[in-house]
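Colleague: Take a look at this one; I'll ask things after.
The values are calculated or read from the model by the stated rules, or taken from the named source; none is laboratory data. Only a predicted model underlies this, so the values are computations on that prediction, with no experimental measurement involved. Don't worry about glycine lacking a Cβ; one is built from the backbone with ideal geometry, like all the others, and counts go over all protein chains shown.
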């Protein structure tokens, strides 16, 4: 069987994350069902990472094995007829037999979007987080810089799937104004469960004066001292590197 990789984007509003669940609609389950109808046999999708309920992806990579005669470059259009409009496959290509979208990842990038205003914007519901306080950008950027590097990130990890180590390398953490929103862009060699959203919540705590020393927070490993896990709808997977 051929090993085929696909690139897709999705609006996560109507889904309970990427991973298949018994009693909830998932991105993986919806896409897998459409692929099976397209290629004519059962397939198992491997995704580049879990996304939680409501989380979006501007780019996401998965792979599966198939003996389909449909050329890889024709698969996106073929499978799209069986998909809802909030999941779009944009590319498909053959990959080496040992490629795995989960295990072969070298870097991931997530971007969290928020806007500051006394009032909520109904047109940004499920798209960006409404932060009611002014954001001191220099102060927030200084706080974000304190997280960059190779650290034990236990302080921003929610207990979930077991991991061998909570040490990760945060390669960058930039905060920029983008299209009327504020984008918190994080790139790492891997992310712990809820780590990206807790990193943003922690920088907001820095902004509010609730966290004064980021290196001390990291050294403590104390989840209770870090910021909250912000809602999933503000988070987007924006890049993945193999």
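Colleague: For segment 1-48, which positions are closer than 22 Å to residue 126 by Cβ and assigned to a strand (DSSP E or B)?
Modeller: Matches in segment 1-48: 8, 9, 10, 21, 24, 47.
Colleague: Would a scan of segment 97-107 turn up a residue that is out of contact with any helix residue (DSSP H, G or I) (no Cβ under 8 Å at 6 or more places or on another chain), under 28 Å from residue 1 (Cα atoms) and part of a strand (DSSP E or B)?
Modeller: Yes: one or more hits.
Colleague: Considering only segment 109-162, state which residues are within 28 Å of residue 190 (Cβ to Cβ) and part of a strand (DSSP E or B).
Modeller: Matches in segment 109-162: 109, 110, 111, 112, 113, 114, 129, 131, 149, 150, 151, 152.
Colleague: For segment 66-82, give me each residue that is surrounded by fewer than 14 Cβ atoms within 10 Å (Cβ to Cβ), touching a residue at least 12 places away in the same chain (Cβ under 8 Å) and closer than 11 Å to residue 2 by Cα.
Modeller: If the condition is that a residue be surrounded by fewer than 14 Cβ atoms within 10 Å (Cβ to Cβ), touching a residue at least 12 places away in the same chain (Cβ under 8 Å) and closer than 11 Å to residue 2 by Cα, then 67 is the only one that fits.
Colleague: Pick out the one residue from 59, 51, 90 that is in a strand (DSSP E or B) and under 30 Å from residue 207 (Cβ atoms).
Modeller: On the way: 51 fails: in a strand (DSSP E or B); 90 fails: under 30 Å from residue 207 (Cβ atoms).
59 is the lone residue from the list that is in a strand (DSSP E or B) and under 30 Å from residue 207 (Cβ atoms).
Colleague: Related question: Check segment 179-189 and report whether any residue there is free of Cβ contacts under 8 Å to residues at least 40 places away in the same chain and assigned by TED's automatic domain parsing to the domain that holds residue 236.
Modeller: Start the filter on segment 179-189 by keeping residues that are free of Cβ contacts under 8 Å to residues at least 40 places away in the same chain, which leaves 179.
Pick out the ones that are also assigned by TED's automatic domain parsing to the domain that holds residue 236 and you get 179.
Scanning segment 179-189, I find at least one residue that is free of Cβ contacts under 8 Å to residues at least 40 places away in the same chain and assigned by TED's automatic domain parsing to the domain that holds residue 236, so the answer is yes.
Colleague: Take segment 163-201 and flag every residue that is under 20 Å from residue 50 (Cβ atoms) and either in a helix (DSSP H, G or I) or out of contact with any strand residue (DSSP E or B) (no Cβ under 7 Å at 6 or more places or on another chain) (or both).
Modeller: Selection gives 163, 164, 165, 193, 194, 195, 196, 197, 198, 199, 200, 201.
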